[in-house]
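One structure below.
Read the figures in this text as sums done on the coordinates, not as results from a lab. The model shown is predicted, which means the values in this text are computed figures rather than measured ones. Positions of Cβ are generated from backbone atoms using ideal geometry, with glycine treated the same way; all protein chains shown enter the neighbour counts.
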Amino acid sequence: DAGVIQSPRHEVTEMGQEVTLRCKPISGHNSLFWYRQTMMRGLELLIYFNNNVPIDDSGMPEDRFSAKMPNASFSTLKIQPSEPRDSAVYFCASSLFLSGGNEQFFGPGTRLTVL
Amino acid sequence: ILNVEQSPQSLHVQEGDSTNFTCSFPSSNFYALHWYRWETAKSPEALFVMTLNGDEKKKGRISATLNTKEGYSYLYIKGSQPEDSATYLCAVYYGGSQGNLIFGKGTKLSVKP
């Protein structure tokens, strides 16, 4: 298996532009997680899905952020409009089941820079 | 608010030294603890998932213990090597939180040759 795939790996955009990050989880995994990593706050959970259904989006910072999972093999995280404080590394992770006993497999991350 | 604390924040050791660091967490409703290894410019990789009090797991030179009653876990590295240099993340899952792992901020280990 190729592991969790994220695209793009790097994104540089200007303030106010829409940004879409993409994730393909490991085939057969039922749960998908979006994280944001910053120096100040470390690794923060933004939202997670189980069987394509959003379970908890309380970590999404504000309404400018939205995430979808239209099918079991694809998810997007969208920021509209983007702001410089959104600059961070965004990780997607998947696990076999939604249970604390299952390890999460992380993608390589997308480094977002908003100018 | 549940808080997972890791100490020390960073650690510098010489090649061959053995080292250990700590993860502390509220023990109420504990379900599972994860250790991840995160190398610079890569993504976190799971080392261990532990659930039982007194559990001890080992992978090569790395081992971990868990005390769920007092709310802590230790990660040990025996005979550190430069390739062990990474940030080690601890994350805790609480029952009823439906999959939400609470991550600590990590311990950054640097091993000098």
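A few notes on this one:
- If the convex hull is drawn through the Cα atoms of chain A, its volume per residue in Å³: 94 Å³
- As a rough footprinting exposure proxy, the listed residues B:CYS90, A:CYS23 were ranked by other beta carbons within 10 Å of their own, and the order from fewest upward is A:CYS23, B:CYS90.
- Under 5 Å between amide hydrogens, built in the peptide plane, is the criterion, and for A:LEU46 it picks out A:TRP34, A:TYR35, A:ARG36 among residues at least 5 positions away or on other chains.
- By the count of neighbouring beta-carbon atoms within 10 Å, fewest first, B:HIS34, A:HIS10 end up ordered A:HIS10, B:HIS34.
- Residues B:LYS59, A:LYS68 in ascending order of nearby Cβ atoms (within 10 Å, fewest first): B:LYS59, A:LYS68.
- Net charge dipole, the range B:1-108: roughly 120 debye, given to the nearest 20, about the Cα centre with Cβ charges of +1 for Lys and Arg and -1 for Asp and Glu.
- Gaussian network model of chain B, springs between alpha carbon atoms under 10 Å - residue of B:ASN29, B:ASN53, B:ASN20 with greatest fluctuation: B:ASN29
- Chain B: translational diffusion in µm²/s, Stokes-Einstein, Kirkwood Rh over Cα pairs, 25 °C, 0.890 mPa s: 174 µm²/s
- Karplus-derived 3J(HN,Hα), 6.51/-1.76/1.60, for each residue of the range A:105-115, Hz, glycine and proline x: 9, 9, x, x, x, 10, 8, 9, 10, 10, 8
- Taken over the protein assembly as shown, the alpha-carbon convex hull comes to 123 cubic angstrom per residue.
- Positive minus negative residues near B:PHE25 (Lys, Arg vs Asp, Glu; Cβ under 15 Å): -1
- Karplus (6.51, -1.76, 1.60) ³J(HN,Hα), θ = phi - 60°, over the range B:21-38, in Hz, Gly and Pro reported as x: 9, 10, 10, 10, 8, x, 8, 5, 6, 4, 10, 7, 10, 10, 10, 10, 10, 10
- Hz values of 3J(HN,Hα) by residue in the range B:103-110 - Karplus curve (6.51, -1.76, 1.60), Gly and Pro given as x: 8, x, 8, x, 10, 8, 9, 10
- Structure remark: mean-square fluctuation, Gaussian network model of chain A, C-alpha springs under 10 Å; the largest value among A:MET69, A:MET60, A:MET15 belongs to A:MET15.
- Dipole in debye (nearest 20) - the range A:1-110, about Cα centre, beta carbon charges: Lys, Arg +1; Asp, Glu -1: 180 debye
- Note on chain B: with a GNM built from Cα contacts shorter than 10 Å, the maximum mean-square fluctuation among B:LEU33, B:LEU52, B:LEU89 falls on B:LEU52.
- Near B:PHE48, the amide H atoms lying under 5 Å from its own belong to B:TRP35; only residues 5 or more places off or on other chains count, and H is placed 1.01 Å from N.
- Antiparallel %, DSSP beta bridges [both residues in chain B], to 5: 90 percent
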